[in-house]
Amino acid sequence: MTSLPSARGPKRLGLVIDLDTCVGCHACATNCKEWNTSGHSAPLTDLNAYQAEQRGVWFNRVFTFEAGGQGENARTVHFPKNCLHCEFPDCVTVCPTGASYKRAEDGIVLVDADKCIGCKLCSWACSYGAREYDEDAGVMKKCTLCIDKIYNEKLPEADRVPACVATCPAKARHFGDFNDPESKVSRLTRERGGYDLMPETGYQPTSKYLPPRPGKRTAGASLPREEGGRDSAGKFLRWVDAVLSR
Amino acid sequence: MHPAFSVIFFTTASGAGYGLLALLAIFTLSGLLPATTWLGFVAMAISLGLIGAGLLSSMLHLGHPERFLRALTQWRSSWLAREGVLAIATFVPTGLFGIGWVFLNSTSGMFAWMAALSAVMAAVTVFFTSMIYASLKPIRQWHNGFVPPAYIVLGTMTGALLLVFLARLFGVYSPVFGILGIALLMTGWVLKTAYWRHIDTAPARSTLGTATGLGRLGGDVRLLEMPHTEENFLMREMGYQIARKHASKLRFLVHLLLFAAPLALTTLTFWSAVPPLAAGAASFGAVVLAGLGVATERWLFFAEATHTSMLYYGRTM
């Protein structure tokens, strides 16, 4: 059913991405590709992988932006982007086949590859560009929030988090239940002013972004300057300078 | 948005086909078109041929065309599914209307009801097609009130030009057809001009500042580094960009081919000195020019559309 679930389940799973600590290393994108190319929506096809014009499916892409002013006032912000598992996603409702769906129990948005006809309309309906078409398989693919990892009882409990979260060396990505006010993601969103991307869509993304903290700018250390060098130089160097300046 | 040939052909051909179908139904009901075999056969063949070819073409761009029946299941939420269901359902009354007209030379009684039903369902199908595009919030050039009326008027308008030509061909022309064509051409022209003014002047709701939320830091947000070095699916599908100067040339071509020339040719035939053969040739010319014009118009409809996901790649909307 591509109508949205009317009764929502107990959980609302999503991510919190901390733009203050993200270092832009692309480890989340790499580990996402690694896990998911053999996971629920496998494979994440790469065409022309070892030549020009490579075309591949990725669920997570890391951008780098400049914001907050010009020149030395500008901040460099690394910005990982993936599916936000919206509360009211049009990518689900536009699907004519029922392949695109939102799970009632935890809010995860998934594609049933066996039902997908590859019309690409869901990717047109997503404001965020979270869906990528697999032209080899002829079906749409997207972030599964590592549904095959977070519920995997064969893994130790600490590892039952999405691959992007598990691998982040800066601990800039957090996973949890937004319906639990005491979960880490709820607390971080509350305390750090977590926000929605493009709130004007009305899709109400579940996952939130934490803004960069206000930067503390100190007067930087400056290189030794040439002025006054003559006075501080020794007698011999002053004589050399005088000779050479003649 | 990438202007895919399959979708351009689908929307223009099926639009003209449904437009012609609705007008055939209306004018057989009103008695302006006689229930004769050959007129019915040719008219229905052109109408159903355009609709059928359009629908088949729309399946060409699918990754799995063999699963198309699945696309009829989600009519509760999806405009695409609604369009598919109605397009197929319309073949039932239209088939009966055509059988009555062509084989039984009857467009009255039950067949009149089928004709009326065909006209209504044809119009609603084109409306549903337009809503596939008009419902997409990330694309401001589509998500506006001009798109559904433009689809309906351009479909009926191209259908009316076909009707004028067919009526000339079979010697059953009535000035009503010509007047209707002129009225639709003028309405379409006004609508399309207003549409272009709207997309040129309406401010974009989303910016890179809202897309990243970094607008809150003050100042503008600029792309510093791309996430990848090669074009991905998103950039190929949503990132199609047309230079402003090319767009204005093509818009001029649409004004000329789709509206001005057919309007002149259709109006010309009201001059009594025009011999029937020349009037027939003019109506054929109007069909050909409008066909080229509507294809250009639909190509632009895609090429000028911008998608908010491209904000992240440094584009403006």
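The values are calculated or read from the model by the stated rules, or taken from the named source; none is laboratory data. This structure is a prediction, so every number in the text was calculated from the model and none was measured. As a convention, Cβ positions derive from the backbone with ideal geometry for all residues, glycine included, and neighbour counts pool all protein chains shown.
Is one or more of the residues making up the range B:38-45 farther than 22 Å from B:G291 by Cβ and not in a loop (DSSP other than H, G, I, E, B)? Looking through the range B:38-45, at least one residue is farther than 22 Å from B:G291 by Cβ and not in a loop (DSSP other than H, G, I, E, B). When the range A:47-63 is limited to residues that are in contact with a strand residue (DSSP E or B) (Cβ under 6 Å, 6 or more places away or on another chain) and of a type in the set (F, W, Y), the one that is farthest from A:E132 (Cα to Cα) turns out to be A:F63.
The set of residues in the range A:27-78 being closer than 14 Å to B:P227 by Cα, among the aliphatic types (A, V, I, L, M) and within 11 Å of chain B (Cβ to nearest Cβ) consists of A:A29, A:V57, A:V62, A:V77. From the list A:C126, A:C143, A:C116, the lone residue that is more than 10 Å from chain B (Cβ to nearest Cβ) and surrounded by 24 or more Cβ atoms within 10 Å (Cβ to Cβ) is A:C143.
Comparison of A:A170, A:A163 shows that the only residue that is surrounded by fewer than 19 Cβ atoms within 10 Å (Cβ to Cβ), touching an Asp or Glu at 6+ places or on another chain (Cβ under 9 Å) and not polar (S, T, N, Q) is A:A170. The single condition among (1) in a loop (DSSP other than H, G, I, E, B); (2) farther than 20 Å from B:G15 by Cβ that B:A305 does not satisfy is (2). When restricted to residues that are part of a helix (DSSP H, G or I), within 14 Å of chain A (Cβ to nearest Cβ) and under 18 Å from B:I139 (Cβ atoms), the range B:190-246 contains 9.
When A:S123 is tested against (1) touching a residue at least 60 places away in the same chain (Cβ under 8 Å); (2) of a type in the set (S, T, N, Q); (3) closer than 21 Å to B:S206 by Cα, only condition (1) is not met. State whether the residues of the range A:56-64 include one that is modelled with pLDDT under 95 and not aliphatic (A, V, I, L, M). Scanning the range A:56-64, I find at least one residue that is modelled with pLDDT under 95 and not aliphatic (A, V, I, L, M), so the answer is yes.
The single condition among (1) crowded, with 19+ Cβ neighbours inside 10 Å; (2) among the hydroxyl-bearing types (S, T, Y); (3) modelled with pLDDT under 95 that B:T316 does not meet is (1).
Residues considered: B:P149, B:P65. Of these, the only one that is under 30 Å from B:G239 (Cβ atoms), within 17 Å of the chain's Cα centre (by Cα) and surrounded by fewer than 18 Cβ atoms within 10 Å (Cβ to Cβ) is B:P149. Of all the numbered requirements in (1) in contact (Cβ under 8 Å) with a residue 60 or more places away in the chain; (2) in a loop (DSSP other than H, G, I, E, B); (3) of a type outside the set (V, I, T), A:K115 misses one, and that requirement is (1).
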